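Nothing in this text is a laboratory measurement; each read-out follows from the coordinates by a stated rule. What you see is a predicted model, and the numbers here were worked out from it, not measured in a lab. Here the Cβ is made from the backbone with ideal geometry for all residues, glycine too, and neighbour counts use every protein chain on show.
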Amino acid sequence: MFKNILIVSIFFIVITAKAGEAIDSLEYKMKQSKGADRVNLLCDLCWEYRFISGDTALNYGNQALELAKQINYNKGVAQAYNDMGIIHVDRGSFINAMDFFNKSLIIRKNHNDSAGIASLYNKIGIVYQKQGKLKEALENAIQALKIYEVLKQDLWIGYCLNNIAIINYNIGDLSTSLDYHQRALIIRKKQNDSYGEAGSYSNIANVFLDMGDTALAIANYQKALQITRQIKQDESTAVMLTNLGAVYLSMGENQKALIFLTESLEIREKLEDQKAIASSMLKLGTVNMNLKRYPEAGVFLYKGLKIAMTIGVIEEEMQAFLEIAKWHAQQQMMDSAFVYLDYYTITKDSVYEQRLNQQIIDAQAKYDSDRKEQKLTLLQQASKLTEISLKQRKTEILLLVFVIISLVGAGIFLFYRRKQKQKLALDLAIIRHSEQQIKAVLDGQEEERRRIARELHDGVGQSLSGVKLKWEAIAPTIKSDSLRENLQSLSSLIDGAADEVRTISHQMMPKELEQFGLVAAINGIINISAESGKISCSFNYHNMNDRLPKAYELGLFRIAQELISNIHKHAQASEVNIQLLRRSRNVVFIIEDNGKGFNYDQQKGTGIGLMNIESRVKGLEGLLNYDSKVGVGTIVTIRIPL
């Protein structure tokens, strides 16, 4: 079992800012590029999509590889192999990753690309490390270190030293691990790499902790904490505080642990790191439980469980169930303790079964061993026959009790798991039924709109047109001026009624939507809105040359109608900005106004318009978000998957 240590990998860099913009820019440039430049851009897209879609990333990588081979661009071939290898590492496909890395390594060796060779040795070492092949991992990490030392690249020397230290730690060679960590620390101090220096102090503390020297472990954690505070690295500061709290908790110094863990939780809540918050709350629950502050312990444990379940972190859920079971047991609430222990057991599932089987095997092996020893003792010491017989009987009884308890536990576990599966199936059936009801209601509404629009256009509209024609036929025969003026007024009323019928018919089923698509239909809404002269509308759209499926266009058109109508009625806005974007797998619709805003949580479920919008978005399996501030305005974002 490998210990959990902060592993700094030189090629796993987390990119979190503006990934979408970078991809859009690269795709735009790629359309205008050729040859080696196009290969490089395809490789960049492979890297960027690594954080969004592994399949898309590999598709771009394969395109880069094929084009580079066609134009004999060997550097591009090596880069494509390198990038696709990283994608396979992310997916846990280590055999494929190693194949790509080795192909890239051969090319880079042929071109004497020392920095590229060192980088690949490091990547190969990390793959071996993930596979548990620590000897091979160490050999490749040392190869990378030697090259970086020749190149005098101190930054990467520091990372290599750190990786070698971690591998030695996992091997169990703590003294060698400590030596490499201290060498990495010297390099990082020389470079004024404060962040790396803090990481080295933390890793050194981990080694001392495993050596049993808690004093030196605490001292090094304190040094790391001091640096992270100075460079204002809140996330790392929270980690160091948690490490210190955990050490003091293991030492039984609960008051000190409480101080560090409380500060760590405050920082993590500011950072909104939900997984870290859940972890800190569970540790604080344990500390308060040790201090017999049961109400406070319960609050922390249940909050930690709620967060862990919300974000779907199974390890924290398991820990929370176990700690809550202990919490109930310490207060003699055994029924509740059993329930949460049962939750813990259900969550472990396959792990539980493996342990159960292993326990039975171990018990049987122990039993067989005891019997052999008893027989040998019987032959050698006949005088102890009675004592050996009693021991054998005791062992048999204990084994029988253990087997019975194990079987009962397994039966209870299987019973509860079956109940959970039945409940899940029922919930899914209810959801599917609700979705079908929503779709049926929306389809019925649209069919009724079409019918009314046809009736208005073909019935009332045609009648008004007939009246108009009759009037125009008799108008020349009228001699009285007063009568002509009255009839002229009547003509104006007829024209107004005809226009209103056309407007209503158009709103209920616009011809632009059926003939020209969603963009033209939204422009029609904006043109009608502009006639009021009260609101200025702007409409921007991207990648909407191809039409969407009919259901998507109709749903988004109705949503746009409802939102713009709400803005006219309630927002008191002077400006409205509408955006419609189509990506490879989604359509994004955004409408923003500068009106008075509203409290969505209070209005949710009360307004018919809001409920209609929610129903249509749900019918399209989309996501709806309102961001409204009173006195500032409202931004509505809708994302529909294609």
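Some points to look at:
- Remark: the stretch 142-148, residue by residue, has Karplus-estimated 3J(HN,Hα) of 5, 4, 4, 4, 4, 5, 5 Hz, where x stands for each Gly or Pro and the curve is 6.51 cos²θ - 1.76 cosθ + 1.60 at θ = phi - 60°.
- Interatomic Cα distance distribution for the stretch 57-160, bins of 5 angstrom, percent: 2, 14, 22, 22, 20, 12, 6, 1
- Residues in the stretch 94-100 carry Karplus couplings, in order, of 6, 5, 4, 4, 5, 4, 5 Hz; the curve used is 6.51 cos²θ - 1.76 cosθ + 1.60 with θ = phi - 60°, and Gly or Pro positions show x.
- Charge context of R50, other residues only, Cβ under 12 angstrom, K/R +1, D/E -1: -4
- Dipole magnitude of the stretch 511-641 about its Cα centre (Cβ charges: Lys, Arg +1; Asp, Glu -1), debye to nearest 20: 220 debye
- Calculated from backbone phi, Karplus (6.51, -1.76, 1.60) coupling profile of the stretch 239-253 in Hz, x at Gly/Pro: 5, 5, 4, 5, 4, 4, x, 5, 5, 5, 5, 5, 7, x, 8
- For the stretch 49-113, the square roots of the Cα gyration tensor eigenvalues, ordered a ≥ b ≥ c, give a/c of at least 1.5 with a/b no greater than b/c, which places it in the oblate category.
- Neighbour cut-off at most 16 other Cβ (10 Å), DSSP loop, GluC sites (Glu not before Pro), the stretch 521-573: E531
- Trypsin sites (Lys or Arg not before Pro) lying in DSSP loop within the stretch 133-165, provided at most 10 other Cβ fall within 10 Å: K152
- The local environment of Y201, defined by Cβ-Cβ distances under 13 Å, has a net charge of +2 under the rule Lys, Arg +1 and Asp, Glu -1.
- In the stretch 576-640, GluC sites (Glu not before Pro) in a DSSP loop with at most 10 other beta-carbon atoms within 10 Å: E621
- Fraction of C-alpha pairs exceeding 18 angstrom in the stretch 511-641: 51 percent, rounded to a whole number.
- Each Lys and Arg adds +1 at its Cβ and each Asp and Glu adds -1 at its Cβ; summed about the Cα centre, the stretch 64-184 shows a dipole of about 220 debye.
- When only alpha carbons are used to place a centre, the stretch 566-642 and the stretch 391-429 end up 51 Å from one another.
- The percentage of C-alpha pairs in the stretch 193-317 whose separation is greater than 19 Å is 49%.
- Using the Cβ of S104 as centre and a radius below 12 Å, the other residues enclosed give a net charge of +2, where K and R count +1 and D and E count -1.
- Residue pairs exceeding 24 angstrom between C-alpha atoms, taken from K303/K419; K69/K130; K109/K152; K190/K232: K303/K419; K69/K130.
- Normalised radius of gyration (Cα atoms, divided by 2.2 N^0.38 Å) for the stretch 140-185: 1.07.
- For the stretch 245-336, a Kirkwood radius taken over Cα pairs fed into Stokes-Einstein (37 °C, viscosity 0.692 mPa s) yields D = 253 µm²/s.
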